[in-house]
Amino acid sequence: MRSLVATLSFLFLTITAVFSQSLSPDIIRSYEPSIVNKLYDMNRQTPLTVQQQWELAKVMYERDSTVTQMLLQKQTDSAILLKRSEFEQKIYGMTVIRNYYDSVITRSAKELASSELASISTQHKTGDLSTTGLDKLFLAKYKLIIANIALGAISAQVSAKQINMLNTVIQSKTDSLLNVSFVANYFKRLDSVNRLSDTIKSKMAVRFNKLGADKAMQRPERMDAALRSYVTDTAIYARLYKNEIQREAHLLAQTEMRQYIRYKPSKECYDEIARFLGEKSYQLALTNESFSLSARKRDSSHYKISAFYDSVIERSLYRDGVLVNASYFSAAVKMRKVLKLTSDQVDSLLDKGLALNRMKDSSWRVSPLAPIDTKDFENLHISHILREDQLAILLSFKYQRDAEKNAVNDWNDLEKRGLTKDMNKQTVVRQLSSYYVQLKSTSSMYAYDLEKQTAYARNIRDNMPKALKILQYARKNNVTSTSAQNLKIEW
């Protein structure tokens, strides 16, 4: 618009300064200075014959005299403007003047058309548009606009409707050229990432053009939809949408890390989880871009990615000892320093622990309320991973709390029955706890060797603490007298 205003300003200045390098002396002497001055300004641009000078001077004199007379008569503005327009038409009716106007209008229109084409080419990176036919349409448009503005009061011009029709043609032609250019530039960029077959490109171009019917969709959106309709190669999306994927992955990783911070992992474990989450989140974000139009493929890929990375993160938490469950495997990993486990033993324990979790998940998905007995699975595998001495220590720790609870309950029962005379509570509870730990440990340790289990259990029972023998006798015979301590108990 600024360019158009500047051009029109130049046009008006030029149009008021037309023709001839020198004026006839007779004209200079015959007419008033104002007319001579105007005629001189017009003459400077293009030579006029003496006859043409006289004709212009005469019409200009008649115009000024008539307008002056009408002003003195106090006629209406509309009448004055109408009369002045009649004189301007006479001037424009002269061939030399009309040719001059046409020349100036065409030159100005070419400048505006060239400027607009250059602007479109630069903004949309279309290359040279001067041979596409669009240049001729813009030239015709600006010639009409400038002529309407400059000569509207002198000569009948085209209507606004006609100009609007031309604008519609220009818009359609421009859109078509920009679509072609956009597709070409996009495929050029795409080829630098991974060259697609001409068949796929052709399908994408057709899809792009069909989506053009939706005026709300911009070209990048249309091409993005066309790409996703025919291309699932994640390597392409990883390059084309690198920044978008990285932003989404960062947000996903930050959000998920919050649920692991509550376990308070060690720095080494935290760094490992952060690395796994970075990889997981990137894969999820890449999948979102690659399969945005296929929920089935996206969800399937999400499940596989999450299952893999969730398991390795869970493994890290178990290894770090901050995530525990009631299994032998979890307890052994947590006690790895006490048990002096090797790396292979830790890895085996983690594998079996995760397998146990998957087994529980599968069972719960089938029947959420059904009880799950994992004892056999744990006993079978823990005895193959740990040595007997390691397993003995593990089981001692595992059953220590329950054994102490049973021992305290026994002591309380002895007290209730009045059977604790000459007994020391601390000593008795310690003896009973040790007995129960040995008995329960033996039962678990040799669960798959009944012969050993029976032999060791018999030996442990043969060495039952005296206090427990008394209590068992008292419970059987409902004895509450301290004389029971002097009884000879046969087993």
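The numbers here are math on the coordinates, done by the rules we state, and not lab data. Source: prediction; values computed, not measured. We place every Cβ from the backbone using ideal geometry, glycine too, and count neighbours over all the protein chains shown.
Things to note:
- Total formal charge among the other residues, if their Cβ is under 14 angstrom from that of S294, Lys/Arg +1 and Asp/Glu -1: +1
- Length-normalised contact order for the chain - Cα pairs under 8 Å, 6+ apart - percent: 7 percent
- Remark on the chain: ratio of C-alpha radius of gyration to 2.2 N^0.38 Å is 2.17.
- Ranked for footprinting exposure by Cβ neighbours inside 10 Å, fewest first, E86, E279 give E86, E279.
- R0 of 35 Å, Cβ-Cβ distance T255-H124: FRET efficiency to nearest 0.05: 0.35
- Degrees separating the helix 77-92 axis from the principal Cα axis of the chain, which is the longest one: 80 degrees
- All lysines inside 27 Å of K110 as judged from Cα atoms, apart from same-chain residues fewer than 8 positions distant: K125, K136, K141, K143, K161, K173
- All distinct Cα pairs of region 397-491 go into the 1/r average, and the inverse of that average, the Kirkwood radius, is 14.1 Å.
- Shape metrics for region 339-448, restricted to C-alpha atoms - Rg then Dmax, Å: 18.5, 58
- Eligible lysines near K58 by straight Cα distance, threshold 17 Å, same-chain separation 8 or greater: K38, K83, K90
- Neighbourhood net charge (14 Å Cβ-Cβ; Lys/Arg +1, Asp/Glu -1) for D64: +2
- 0 to 90° range, to nearest 10: angle between helix 134-151 axis and the chain longest Cα axis: 50 degrees
- Rounded to the nearest 500, the 222 nm mean residue ellipticity of the chain from helices alone is -25500 deg cm²/dmol, with -39,500 (n - 2.57) taken per DSSP H run of at least 4 residues.
- Taking N as the residue count of region 242-308, its C-alpha radius of gyration divided by 2.2 N^0.38 Å amounts to 1.19.
- Separation of the alpha carbons by more than 30 angstrom is noted, of K337/K440; K340/K469; K398/K425, for K340/K469.
- Percent of Cα pairs exceeding the 15 Å cut-off, where the set is region 102-178: 56 percent
- Counting only alpha carbon atoms, the long axis of helix 343-366 and the longest principal axis of the chain meet at about 80°.
- Coupling constants for region 171-183 follow from the phi torsions by the Karplus curve (6.51 cos²θ - 1.76 cosθ + 1.60, θ = phi - 60°), and in residue order they are 4, 5, 5, 5, 4, 4, 5, 5, 4, 4, 5, 5, 4 Hz; glycine and proline get x.
- Theoretical FRET efficiency, 1/(1+(r/R0)^6), r = Cβ-Cβ of V206 and D347, R0 60 Å, to 0.05: 0.65
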